[in-house]
Amino acid sequence: MDLLRIRGGTRLQGSVEISGAKNAALPILFAAILSDQKSHISNVPLLADIGTTLKVLDSLGLKTEFHLTDHKVVVDGSNLASVEAPYDLVRTMRASVLVLGPLLARKGEAKVSLPGGCAIGARPVDFHLSALEALGAKFEIEGGYIHANAPQGLRGGVMKLPFPSVGATENALMAAVLAKGASQIQNAACEPEIVDLAVALRSMGAKIAGEGTPTVKIEGVAKLDGMKHSVTADRIEAMTYLCAGLVTGGSVTALGIEEASMTSALQILTQMGAKVECAKSKITVSSTGALKSVSFTTEPFPGFPTDMQAQFMALLTQAQGESTITETIFENRFMHVSELIRLGAKISTQGNQAKVQGPVKLSGAIVMATDLRASASLIVAGLIAGGETVIRRIYHLDRGYENIEKKLSGLGAKITREKEK
């Protein structure tokens, strides 16, 4: 098992290329199930979750090739021989439930293990199932598996989500593109990753309108071609590096990312006193001195993303005064608090609210990553902690960040990856 060793106190400076978004790449790869032809997907990040996804596709009978040099994946969907996504493959990744919609759409049945992943909340699959039931699917949950059937094929319908769930929107969208007739997703998630999936599906011949709004309309087609698509840039990765630069008093430019995908978070940085400069496919965040305290609430897009909450909490340990963070998306997403406190942070929590006092002097310590974004928050904190910080259990980190230690080293950070002894 690997660990990260960080020696804090170095001011970060420079530019960093942002990889393709994990949260966009996963559903797009699963969407390749919908066609019996070859799909060509570029700008795919080299991550543990991507590797798991390719193994799931291979287990279904599809053939996958990952061309590492140019981050391109080719998926041959001509031999979809199985409809089962087994526990051994999907236990580490919640996004694996996204095979459900494509398998139902193409084969009329699916057997999918209830997924695993980060322990940050229940994330029930109920929203997924109720949406697909509106298209005529029937479900039984037995032995830890979702058994799905649509023997007459899926038919168009109105899917009204009780919450704008990203995953449920993606499953509903992928199922509806091959359903007979017209469908509508109401209270749909509006995240940029949803838009990217719709663009990818349209490259296959799908008829979709309204992506990025709460109402998405789909006209089912009889057959889809293979896709040709380049995955959008990872806004969460970009903001992580921008926070890392700011917390060290430096200036970092994220390359290949658009302002529109990060507006809410950039507004918070501006309120804190950072200098934010946006150009086409480029965002620079620079320190102007002391940071100001702020308060924000995590919300579905276009609100502040829950996936950026932990990194901002680490940043706020250096802001003047008391900041308040209210988490409304996941009930267990303050697990990084205890580890930040080990570094010297002054944070108190009550229910879904955390109060951060700053600025405080952090000191290096041995800490443990509890989930993907918690890992990133510990890195942000470790970059300014005096002495040495050691972050253990970084396998979480490798699920969502490609070569993070190399990218941070390129900005001047003193960070190394080592094998645990």
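Give segment 366-421 a look and list any residue that's more than 11 Å from Ile6 (Cβ to Cβ), of a type in the set (Gly, Ala, Ser), modelled with pLDDT of 95 or more and assigned to a loop (DSSP other than H, G, I, E, B), or say none.
Gly412
Please work out if Gln309 is assigned to a strand (DSSP E or B), in contact with a Ser or Thr (Cβ under 7 Å, 6 or more places away or on another chain) and either among the acidic types (Asp, Glu) or assigned by TED's automatic domain parsing to the domain that holds Lys355 (or both).
Against the criterion (assigned to a strand (DSSP E or B), in contact with a Ser or Thr (Cβ under 7 Å, 6 or more places away or on another chain) and either among the acidic types (Asp, Glu) or assigned by TED's automatic domain parsing to the domain that holds Lys355 (or both)), Gln309 does not qualify.
Can you name every residue in segment 262-277 that is in contact (Cβ under 8 Å) with a residue 24 or more places away in the chain and part of a helix (DSSP H, G or I)?
Hits for segment 262-277 are Met262, Thr263, Ser264, Ala265, Ile268, Leu269.
Out of Arg5, Arg94, Arg11, report the one residue that is under 29 Å from Ser165 (Cβ atoms) and among the charged types (D, E, K, R).
After ruling out the rest, the residue left standing is Arg94.
Is it true that Ile146 is at pLDDT below 95 and part of a loop (DSSP other than H, G, I, E, B)?
Judged against the criteria, Ile146 is not a match.
Hey, among Ala365, Ala381, Ala376, which residue is hydrophobic (A, V, I, L, M, F, W, C) and surrounded by fewer than 24 Cβ atoms within 10 Å (Cβ to Cβ)?
One residue alone meets the criteria, Ala365.
Going through segment 225-261 one residue at a time, which ones are surrounded by 24 or more Cβ atoms within 10 Å (Cβ to Cβ), part of a loop (DSSP other than H, G, I, E, B) and more than 18 Å from the chain's Cα centre (by Cα)?
If the condition is that a residue be surrounded by 24 or more Cβ atoms within 10 Å (Cβ to Cβ), part of a loop (DSSP other than H, G, I, E, B) and more than 18 Å from the chain's Cα centre (by Cα), then Met227 is the only one that fits.
Restricting to segment 291-306, name every residue that is over 12 Å from Ser264 (Cβ atoms) and outside any loop (DSSP other than H, G, I, E, B).
Leu291, Lys292, Ser295, listed by residue number.
Does Thr213 qualify as being touching a residue at least 40 places away in the same chain (Cβ under 8 Å) and either touching a strand residue (DSSP E or B) at 6+ places or on another chain (Cβ under 7 Å) or polar (S, T, N, Q) (or both)?
It is false that Thr213 is touching a residue at least 40 places away in the same chain (Cβ under 8 Å) and either touching a strand residue (DSSP E or B) at 6+ places or on another chain (Cβ under 7 Å) or polar (S, T, N, Q) (or both).
Residues are listed down the side, and each one gets a yes or a no for (1) buried (at least 17 other Cβ atoms within 10 Å of the Cβ); (2) touching a residue at least 12 places away in the same chain (Cβ under 8 Å); (3) outside the structural domain of Tyr401 (by TED's automatic domain parsing):
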position: Leu12; (1), (2), (3): yes, yes, no
position: Ala31; (1), (2), (3): yes, yes, yes
position: Val44; (1), (2), (3): yes, yes, yes
position: Asp49; (1), (2), (3): yes, yes, yes
position: Asp58; (1), (2), (3): no, no, yes
position: Lys63; (1), (2), (3): no, yes, yes
position: His67; (1), (2), (3): no, no, yes
position: Asp70; (1), (2), (3): no, yes, yes
position: Gly77; (1), (2), (3): yes, yes, yes
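Within segment 157-186, track down each residue that is surrounded by fewer than 18 Cβ atoms within 10 Å (Cβ to Cβ), in contact with a Lys or Arg (Cβ under 8 Å, 6 or more places away or on another chain) and part of a loop (DSSP other than H, G, I, E, B).
Gly181
Given the conditions (1) in contact (Cβ under 8 Å) with a residue 60 or more places away in the chain; (2) farther than 29 Å from Val73 by Cβ, which single one is not true for Phe304?
The failed condition is (1).
Quick test of your reading of the structure: Ala374 fulfils all but one of (1) touching a Ser or Thr at 6+ places or on another chain (Cβ under 6 Å); (2) closer than 17 Å to Thr317 by Cα; (3) small (Gly, Ala, Ser). Name the failing condition by number.
In the conditions (1) touching a Ser or Thr at 6+ places or on another chain (Cβ under 6 Å); (2) closer than 17 Å to Thr317 by Cα; (3) small (Gly, Ala, Ser), Ala374 misses (1) alone.
Would you pick out the residues in segment 332-354 that are in a strand (DSSP E or B) and buried (at least 16 other Cβ atoms within 10 Å of the Cβ)?
Ile347, Ala354
List the number of the failed condition for Glu193; all other conditions in (1) surrounded by fewer than 24 Cβ atoms within 10 Å (Cβ to Cβ); (2) under 21 Å from the mean Cα position of the chain (by Cα); (3) outside any loop (DSSP other than H, G, I, E, B) hold.
(1)
Tell me, yes or no, whether segment 391-407 has at least one residue that is loosely packed, with under 15 Cβ neighbours inside 10 Å and over 19 Å from Leu242 (Cβ atoms).
Scanning segment 391-407, I find at least one residue that is loosely packed, with under 15 Cβ neighbours inside 10 Å and over 19 Å from Leu242 (Cβ atoms), so the answer is yes.
Is at least one residue of segment 262-274 surrounded by fewer than 18 Cβ atoms within 10 Å (Cβ to Cβ) and modelled with pLDDT under 95?
No, segment 262-274 contains no residue that is surrounded by fewer than 18 Cβ atoms within 10 Å (Cβ to Cβ) and modelled with pLDDT under 95.
For Ala48, all conditions in the list (1) modelled with pLDDT under 95; (2) in contact with a Leu (Cβ under 6 Å, 6 or more places away or on another chain) hold save one; what is the number of the exception?
Tallying (1) modelled with pLDDT under 95; (2) in contact with a Leu (Cβ under 6 Å, 6 or more places away or on another chain), Ala48 fails exactly one: (2).
When you scan segment 239-287, how many residues do you find that are within 20 Å of Gly382 (Cβ to Cβ) and among the polar types (S, T, N, Q)?
4
Might you let me know whether segment 370-382 holds any residue that is under 23 Å from the mean Cα position of the chain (by Cα), more than 30 Å from Phe163 (Cβ to Cβ), among the hydrophobic types (A, V, I, L, M, F, W, C) and assigned by TED's automatic domain parsing to the domain that holds Leu269?
Looking through segment 370-382, at least one residue is under 23 Å from the mean Cα position of the chain (by Cα), more than 30 Å from Phe163 (Cβ to Cβ), among the hydrophobic types (A, V, I, L, M, F, W, C) and assigned by TED's automatic domain parsing to the domain that holds Leu269.
Output the number of the condition that Thr328 fails; it satisfies all remaining conditions of (1) without any contact (Cβ under 8 Å) to a residue 40 or more places away in the chain; (2) in a strand (DSSP E or B); (3) within 20 Å of the chain's Cα centre (by Cα).
(2)
The values are calculated or read from the model by the stated rules, or taken from the named source; none is laboratory data. These figures come from a predicted structure and were not determined experimentally. Cβ coordinates were reconstructed from backbone atoms using ideal geometry, including for glycine residues, and neighbour counts include every protein chain displayed.
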